[in-house]
Amino acid sequence: MNLLESFYTAIEGIWANKMRSGLTMLGIIIGITSVIAVTTLGEGGQKAINQEMEKFGQFTFNVYTNWESKEEFSSDDLTVEDAEVLSKISPAIDYIVPYNSSTIEMKGPKKEERVDLTATTPDYFAMQKTIKVAKGRFFNKTDDQEQRAVVVLEEALGSKLFGQMNPIGQRVRWGNNSLVVIGTYTEEKIKFDMGSQSFGAIVPIEYYLSLQEEPSVNMFMGKAKDKASIQPAMQQTTRYLERKHQKKDHYMARSMQESIDQFNQLTGTLTLIFSIIAGISLVVGGVGVMNIMLVSVTERTREIGIRKALGARRQDILIQFLIESVIVCLIGGFIGVLFGLGIAALISHFANLPPLLSWNSVIIAFAFSSAIGIFFGLYPANKAAKLDPIEALRYE
């Protein structure tokens with residue numbers, strides 16, 4: 001009996017016992033579905049989030065004071081002047097800006113809104129390619145140096161505070177401070193916001209610092225020339241600050257790439273753990289395949305005896321039952337892949353993640369299906385092949 005005949009015989013055997021074959025496949029379907037859903041969401045989601053993080057923070061890094069530093073902290077640990085000097089002396093740095101942020105209540109003629117306020121320099125707009133002017137203009141170096149009370153509002157915030165009015169030239173209030181709106185902007189958001197909504201506003205940092213009793217800069221935001229310049233840029237920044245302020249190990253720098261690497265390590269570990277847990281159901285499904293194949297061998301004992309009496313060799317019987325076991329697992333694996341991708345797409349839709357297909361998980365799923373079919377089908381197939389033809393023909 002050649003392989004093609006064995007294949008047709010296996011299909012006939014599966015089709016003749018549709019209910020039993022379907023129940024046999026169920027364990028494989030559940031296992032493959034779980035593995036595909038977990039790995040597709042893990043790898044696909046990881047890739048999508050990495051692309052977003054790289055798009056919004058490519059070559060960027062942050063510099064701040066090290067909270068574990070043994071040196072004394074002061075309000076001038078980071079200054080606007082430090083950022084200006086660094087942008088001129090470091091060949092690895094494209095932009096570096098002082099950055100302060102706070103959450104405030106901002107009031108317009110129509111209503112009051114909670115706002116994420118950013119205080120920085122004009123270079124921030126050049127560094128953040130995702131921010132575009134909608135109306136008016138961004139503040140410039142003169143606005144910053146002269147501490148002008150001006151603000152650039154996110155376009156959606158302008159609509160909230162002013163309704164149908166043109167906000168340009170109008171005033172908004174923040175506590176006791178009155179600011180002139182000189183522009184509005186649109187900002188490309190990260191896709192995975194999970195439905196959260198916040199409004200932004202940006203003011204010159206010199207104006208912001210003038211309102212403080214002890215002016216201090218929270219951190220620096222920097223952008224390196226390219227990927228290879230990220231580490232040199234961070235090292236040059238921390239070394240300059242330590243030398244300038246005479247404070248050893250007082251500053252830290254962290255790049256977006258480091259955050260991406262840590263995120264990948266975490267999600268990779270979680271995906272592996274969940275995949276192993278889901279894979280346990282594959283083993284259970286494999287045991288089910290072995291049990292059903294043993295039942296099939298018992299039911300078809302006389303058939304095996306007749307075939308051996310007609311000249312079928314031991315390896316022919318072995319291959320026939322092994323092929324039947326593998327086909328059952330492959331059909332279950334195929335259905336499991338479809339269900340797994342469907343569940344992953346459904347979860348991606350509700351979690352606001354793009355549906356990404358992980359071909360690695362599909363290939364692994366089919367490889368596991370075949371391996372389970374061979375491993376758990378080998379014992380029943382071997383048992384069938386070892387049957388004595390005379391004893392098999394006597395079996396009732």
Lone qualifier among 330, 378 - being open to solvent by 50 Å² or more (accessible area, probe 1.4 Å), touching a Gly at 6+ places or on another chain (Cβ under 8 Å), among the aliphatic types (A, V, I, L, M) and part of a helix (DSSP H, G or I): 330
Out of 71, 105, report the one residue that is open to solvent by 30 Å² or more (accessible area, probe 1.4 Å) and over 25 Å from residue 147 (Cβ atoms). 71
Pairs with Cβ under 6 Å, 6+ apart, first in region 108-130 and open to solvent by less than 70 Å² (accessible area, probe 1.4 Å), second among the acidic types (Asp, Glu): 121/144; 130/187; 130/188
Long-range neighbours under 6 Å by Cβ, at least six apart or interchain, first residue within 29 Å of residue 299 (Cα to Cα) within region 359-388, second polar (S, T, N, Q): 373/325; 377/325
Criterion: within 25 Å of residue 172 (Cβ to Cβ) and of a type in the set (Ser, Thr, Tyr) - qualifying residue of 60, 120: 120
Some residue of region 316-327 being part of a helix (DSSP H, G or I), of a type in the set (D, E, K, R), touching a residue at least 40 places away in the same chain (Cβ under 8 Å) and touching a Ser or Thr at 6+ places or on another chain (Cβ under 8 Å): yes
Go through the residues of region 169-181 one by one and say whether even a single one is touching a residue at least 60 places away in the same chain (Cβ under 8 Å), in contact with a helix residue (DSSP H, G or I) (Cβ under 6 Å, 6 or more places away or on another chain), closer than 23 Å to residue 97 by Cβ and open to solvent by 20 Å² or more (accessible area, probe 1.4 Å). no
Boolean, residue 95 is under 29 Å from the mean Cα position of the chain (by Cα), more than 16 Å from residue 185 (Cβ to Cβ) and open to solvent by 10 Å² or more (accessible area, probe 1.4 Å): yes
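The values are calculated or read from the model by the stated rules, or taken from the named source; none is laboratory data. These numbers were taken from a predicted model, which means no experiment stands behind them. Please note: Cβ atoms are built from the backbone with ideal geometry, for glycine as well, and neighbour counts cover all protein chains shown. Heads up: the accessible areas ignore ligands, DNA and RNA and are worked out on the full protein's heavy atoms, side chains in. Shrake-Rupley method; radii C 1.70, N 1.55, O 1.52, S 1.80 Å.
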